[in-house]
Every structure is written in structure tokens, then in C-alpha cells.
Amino acid sequence: MSWRPQYRSSKFRNVYGKAANREHCFDGIPITKNVHDNHFCAVNARFLAIVTESAGGGSFLVIPLEQTGRIEPNYPKVCGHQGNVLDIKWNPFIDNIIASCSEDTSVRIWEIPDGGLKRNMTEALLELHGHSRRVGLVEWHPTTNNILFSAGYDYKVLIWNLDIGEPVKMIDCHTDVILCMSFNTDGSLLTTTCKDKKLRVIEPRSGRVLQEANCKNHRVNRVVFLGNMKRLLTTGVSRWNTRQIALWDQEDLSMPMIEEEIDGLSGLLFPFYDADTHMLYLAGKGDGNIRYYEISTEKPYLSYLMEFRSPAPQKGL
């Protein structure tokens, strides 16, 4: 029997990344030195937001995308929090609205003026108090405006209705710190990873846990819903302490469909999924490279494409 190579038709055989020229970069930004495992930056079609190093309290910069080049040391900041800012996310419906959460146990909603900030912003549009310990994650609902989810170190997920500025539901099924939250395309399901080594699929309306996986062999850190494929992808650490990714069926979390080892580095791997092109980007904190994969519904499910390499380690993505 003759050996035949396995060819796959792919639109993305030659995807490559290219860093922007110096004049199209943002320079001179004092990025936060906090070691919390988050992105510390957020971007939308109009603005770039970056959590910065600040003495006493927490602050972040908001820069209009066209304003590239060197950022002045006294550039105005958003600085209303009393503790370090741990996460920032742009509203998917309104480009000027950004949510931030902090070690001061509060979540705040800010409205950025059209041309960017002209002076320091200390007054938030809304201040949300409901967590008893610091808040590590915020996530906007993908299909309903003015619904925000926040996860704190009190092991609770609060669902906020911003029209009334109150929490309308509390999801209280976690027994340890929540590491990551991700929604499916229509927002009817929420998946979380937790320090108790469990991966959960939750119905946010009722707070019911629909599926739960005990990840003893693959300690999960980050999870992302793969669009409407009914699949989840997690990044984590194997029992041999190598970084790995695993693909799961959202209806059945008893066993991962596939597990793939990446390398033996120690930084946390962040997965980014583009539902329109079915491409997955894997990037680690402290790494200098970003790997690209294509995800398909048939085996082998996950096909490695290419990687972007840079000599500088990345701090947030």
C-alpha cells in the first residue's frame, strides 16, 4: 500500500503577523507591574485602554487609536479607583463606555469623551458595589446592552443591570477564585474556570450548572467558547507541568475531545478565538510568540498554521 500525504484545504496556509512600524506604535506608556493574570489592556474600533502603574489607587490610560507616537508622562488618566485596576473591558454596543474592576471591591463604568481625555477623569458614570473582596474579572453580555458580569475573590459572579445600577442575580456555585469567564455567541451560556480545578458551563439566567468537568490531569486556567460550534477550548497545565490546550464538547464535559501539549514554559496561555475565520490565537504572558491555529468541526479539529515571533516578551494582550 503506497503512503499518501494528508492534504487539507485551508484558506489560511500562509497567515503571518507583522508588527507595526515605529511611528504607528504607542510609546512611553508606564504599563502596570501588577502580576495579576489578566490582559491589562483593551481595544475597540476607536480607543486603546491600558492599565498603568500609579502611586496610590489604580488608573488606566485611554488613547484614541489615531493618536500614535510618544505618550506624554502627564497624559490624562482615568483614575477613580482606590486600589489597583485588575480588568478593563469595552462595551460591545457603545464605543465610549468602558468597565473597570479593582482591588477596592468596586466595578465602575466610565464614559470617555469623543476625542479622548483632556484632563484626568475621576467621576465614574456608575459605581457598582456588591462584592465583599477584590474584583478580578468583568465581562459584558454579548447580545444584551447594559448587562455586565463581574467575578470577585469572594467566589461569586454578580450580574449587573446598568439601567438600575443594581445586581439582579448572583451565581454562587464556585468554591474558589474564578479565573476566567466566556460567553457563547448569543449569551445563553457562560463557561468559567476556577482555582478548584473545575470547568463549568452555567446557564446565567437561572444560575444552574449544566455541565461540570473535573480537570485533575489538565489544570485549566483559561477558557473560550468557540463561536457557535458547541465547543470549548481551554488552556492549562498538564500533570507533567507542560502547557497544553484541550478541546471540549459543551454538551459533555466528561472527557476532552483532544489534548495537545504546547511547550514546557511557565507563562499563562491566553486563547483568542475569531469566530468569523475559525482561527485561534494562542499567546502567553512573558512569551515572545503568538501561535495561530485553524479550528474545524471534523478531525483533527485543531490544525497548527504558523506563529508570529518577536524578541520582546509580551505583558498583556
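General remarks:
- For the range 1-114, the per residue solvent-accessible surface stands at 57 Å², with DNA, RNA and ligands left out and a 1.4 Å probe.
- Where trypsin sites (Lys or Arg not before Pro) fall in DSSP loop in the range 219-317, at most 16 other Cβ within 10 Å: 230, 239, 315
- Cross-link partners of residue 198 among lysines, defined as those whose alpha carbon lies under 21 angstrom from its own and excluding same-chain residues fewer than eight positions apart: 156, 216, 230.
- Cα gyration tensor, the range 215-254 - rounded (a/c under 1.5), prolate or oblate: prolate
- Tensor-based shape of the range 166-317 (alpha-carbon gyration tensor, a/c under 1.5 rounded, otherwise prolate or oblate): prolate
- Size of the range 11-172 as Cα extents on the principal axes (Å, biggest first): 46, 46, 31
- For GluC sites (Glu not before Pro), the sites in the range 26-105 that DSSP calls loop and that have at most 15 other Cβ atoms within 10 Å are 53, 66.
- Computing FRET efficiency as 1/(1 + (r/R0)^6) for residue 163 and residue 206, where r is the C-beta to C-beta distance and R0 is 22 Å, gives about 0.55.
- A DSSP coil position with no more than 15 other Cβ atoms inside 10 Å describes the following chymotrypsin sites (Phe, Trp or Tyr not before Pro) in the range 57-148: 93.
- Expressed as a whole percent, the accessible surface of the chain that belongs to carbon and sulfur atoms is 49, based on a 1.4 Å probe.
- Charge dipole magnitude, Cβ of K and R +1, D and E -1 - the range 176-316, Cα centre, debye nearest 20: 540 debye
- If you wrap the tightest convex hull around every Cα atom of the chain and split its volume per residue, you get 149 Å³.
- The distance linking the range 244-317 with the range 158-185 is 26 Å (Cα centroid to Cα centroid, whole angstrom).
- Listed by chain and number, the lysines whose C-alpha is less than 23 Å from the C-alpha of residue 315, apart from same-chain residues fewer than 8 away, are 18, 33, 77, 89, 195, 285.
- Each Lys and Arg adds +1 at its Cβ and each Asp and Glu adds -1 at its Cβ; summed about the Cα centre, the chain shows a dipole of about 780 debye.
- Per residue accessible area of the range 156-223, 1.4 Å probe, in Å²: 44 Å²
- Placing +1 on the Cβ of every Lys and Arg and -1 on the Cβ of every Asp and Glu, with nothing else charged, gives the range 11-172 a dipole about its Cα centre of roughly 560 debye.
The values are calculated or read from the model by the stated rules, or taken from the named source; none is laboratory data. Owing to the predicted nature of the structure, the values given are computational and were not obtained by experimental measurement. FYI the Cβ positions are ideal-geometry reconstructions off the backbone, even for glycines, and counts take in every protein chain you see. Surface areas here come from the heavy atoms of the whole protein model, side chains and all, with no ligands, DNA or RNA. Shrake-Rupley method; radii C 1.70, N 1.55, O 1.52, S 1.80 Å.
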